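The values are calculated or read from the model by the stated rules, or taken from the named source; none is laboratory data. As the structure is a prediction and not an experimental result, all values here were calculated from the model. All Cβ positions, glycine included, derive from the backbone under ideal geometry; neighbour counts span all protein chains shown.
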Amino acid sequence: MSDDQEPAVNISGGVEGGGVAAEFDPATADTRAEEVVDRLGELYWEKTYGGQDAFTCLVRTILSQNTSDKASQPAHDALIERYNDDDVDLAESLADADRSTLAETISSAGLYNQKSEIIIDTAEWVKAEFGSVTEFDAFVKDADPETVRETLLEVRGVGPKTADCVLLFAGGRGGVFPVDTHVHRIYRRMGIAPSAADHEAVRAVLERDVPAAKCGFGHTATIQFGREYCSARKPACLEDPEACPMADVCEQVGVYPETGEVVDPADTPDGDETAD
Ligand code: SF4
């Protein structure tokens, strides 16, 4: 296990976010995708997930949409401080919230008018459909994962990534590998997913090839790896092939160190042929 701990401020909630330390061994990987996830374990803190309160997790993920964790974390903390009261259900408290006050409370997360509307609608939905955050939490943790996912996707403002994050961080559902922009880019660049694959197709490849218990770590570690090494415009290998610790397992689809050019894998002429 690496000494580099995952940052405390992270979509997973860092060490406080319900993660449990785990250890993975690249030598025993059955697929390239699994080997990549195991190798990420040499860079970041390995863990499995689950145990977060489902409604709090849903609110946190809505706040994190289209922004960095650095911006959404203070918004989340401010929302909890203002609206979480031991005597009142959080869904009830947010369903009754004044929209402009809520928007002001979460302003650091950006798109606060839109997000405040979505959070109030979501709180009203939880209240109407489940009665309380406790009942909603039980549904997310105990019901069939596909049913939970489909139910969450019916809520306005909840997309596939938000639904998957709730399933993963709250339900601890193994085998859920949420695909954000980093995950989508990196596994197509590596040649593990087809170059033209959309988010759902990349998710299907990863959930097929990465064992259930490693999917959550794979998601958060890949995001961190994308930020540190394999960014959209300046992957580390562009100037120095030795600079990326994954260079030996990567096909660099759409990355051309000879010319300094970087394109989306979907825009490469022969990228499709690199897929497993
Ligand atoms: S070798 Fe380049 S394209 Fe491949 S993972 Fe590393 S930085 Fe990204």
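Quick one: would you say residue 210 is out of contact with any His (no Cβ under 6 Å at 6 or more places or on another chain) and at pLDDT 90 or above?
Details: out of contact with any His (no Cβ under 6 Å at 6 or more places or on another chain): yes; at pLDDT 90 or above: yes.
Yes.
Specify the residue that is farthest from the ligand (Cβ to nearest atom); the eligible residues are those in segment 250-265 that are out of contact with any Leu (no Cβ under 8 Å at 6 or more places or on another chain) and part of a strand (DSSP E or B). First the steps, then the outcome.
Residues of segment 250-265 out of contact with any Leu (no Cβ under 8 Å at 6 or more places or on another chain): 250-254, 256, 258-259, 261, 263-265.
Among the residues that remain, those that are also part of a strand (DSSP E or B) are: 256, 261.
Numbers: 256: 10, 261: 12 Å.
If we take residues in segment 250-265 being out of contact with any Leu (no Cβ under 8 Å at 6 or more places or on another chain) and part of a strand (DSSP E or B), then 261 is farthest from the ligand (Cβ to nearest atom).
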| note | Given (1) within 13 Å of the ligand (Cβ to nearest atom); (2) over 16 Å from residue 192 (Cα atoms); (3) out of contact with any Gly (no Cβ under 8 Å at 6 or more places or on another chain), residue 247 misses just (2)
| note | Of the conditions (1) on the phi > 0 side of the Ramachandran plot; (2) out of contact with any helix residue (DSSP H, G or I) (no Cβ under 8 Å at 6 or more places or on another chain), the single one that residue 175 does not satisfy is (2)
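Going by the structure shown, is residue 268 touching a residue at least 60 places away in the same chain (Cβ under 8 Å), within 15 Å of the ligand (Cβ to nearest atom) and not aliphatic (A, V, I, L, M)? Break it down into steps so the answer makes sense when it comes.
On the way: touching a residue at least 60 places away in the same chain (Cβ under 8 Å): yes; within 15 Å of the ligand (Cβ to nearest atom): yes; not aliphatic (A, V, I, L, M): yes.
Spelling it out, residue 268 is indeed touching a residue at least 60 places away in the same chain (Cβ under 8 Å), within 15 Å of the ligand (Cβ to nearest atom) and not aliphatic (A, V, I, L, M).
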| request: Of all residues in segment 169-188, count the ones that are within 19 Å of residue 35 (Cβ to Cβ) and within 14 Å of the ligand (Cβ to nearest atom). | output: 6
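Output the residues belonging to segment 185-236 that are basic (Lys, Arg) and closer than 17 Å to residue 42 by Cα.
Going residue by residue through segment 185-236, those that are basic (Lys, Arg) are 185, 188-189, 203, 208, 214, 227, 233-234.
Listed by number, the residues that qualify are 214, 227.
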| task | Would you please list the contacts, defined by Cβ atoms under 7 Å and residues six or more apart or on different chains, that run from a residue in segment 225-242 that is assigned by TED's automatic domain parsing to the domain that holds residue 265 to a residue that is of a type in the set (A, V, I, L, M, F, W, C) and more than 7 Å from the ligand (Cβ to nearest atom)? | result | 225/40; 225/43; 233/262; 235/262; 236/243; 237/243; 238/262
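Quickly run through segment 34-61 and pick out the residues that are among the β-branched types (Val, Ile, Thr), modelled with pLDDT of 90 or more and surrounded by fewer than 23 Cβ atoms within 10 Å (Cβ to Cβ).
Step one: filter segment 34-61 for residues among the β-branched types (Val, Ile, Thr), giving 36-37, 48, 56, 59, 61.
Those left that are additionally modelled with pLDDT of 90 or more: 36-37, 56, 59.
Within segment 34-61, 56 is the sole residue that qualifies.
Can you name the residue in segment 189-237 that is of a type in the set (D, E, K, R), surrounded by 20 or more Cβ atoms within 10 Å (Cβ to Cβ) and over 11 Å from residue 33 (Cα atoms) and is also farthest from the ligand (Cβ to nearest atom) among such residues? Break it down stepwise before answering.
Our first condition is that a residue be of a type in the set (D, E, K, R); within segment 189-237, this holds for 189, 198, 200, 203, 207-209, 214, 227-228, 233-234.
In the following step, the residues that additionally are surrounded by 20 or more Cβ atoms within 10 Å (Cβ to Cβ) were identified as 189, 203, 209, 214.
Those left that are additionally over 11 Å from residue 33 (Cα atoms): 189, 203.
Numbers: 189: 4, 203: 19 Å.
Out of the qualifying residues, it is 203.
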| note | Of the candidates 248, 267, 198, 240, the one satisfying the condition of being under 22 Å from the mean Cα position of the chain (by Cα) and of a type in the set (Asp, Glu) is 198
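With modelled with pLDDT under 95, buried (at least 20 other Cβ atoms within 10 Å of the Cβ) and part of a helix (DSSP H, G or I) as the only criterion, which of 166, 158, 176 stands out?
On the way: 158 fails: part of a helix (DSSP H, G or I); 176 fails: part of a helix (DSSP H, G or I).
The unique qualifying residue is 166.
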| request: Please indicate, with yes or no, whether at least one residue in segment 136-152 is touching a Pro at 6+ places or on another chain (Cβ under 9 Å), in a helix (DSSP H, G or I) and more than 27 Å from residue 173 (Cβ to Cβ). | output: no
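Out of 71, 91, report the one residue that is at negative phi, modelled with pLDDT under 90 and not acidic (Asp, Glu). Give the steps one after another, and end with the answer.
Numbers: 91 fails: modelled with pLDDT under 90.
The match here is 71.
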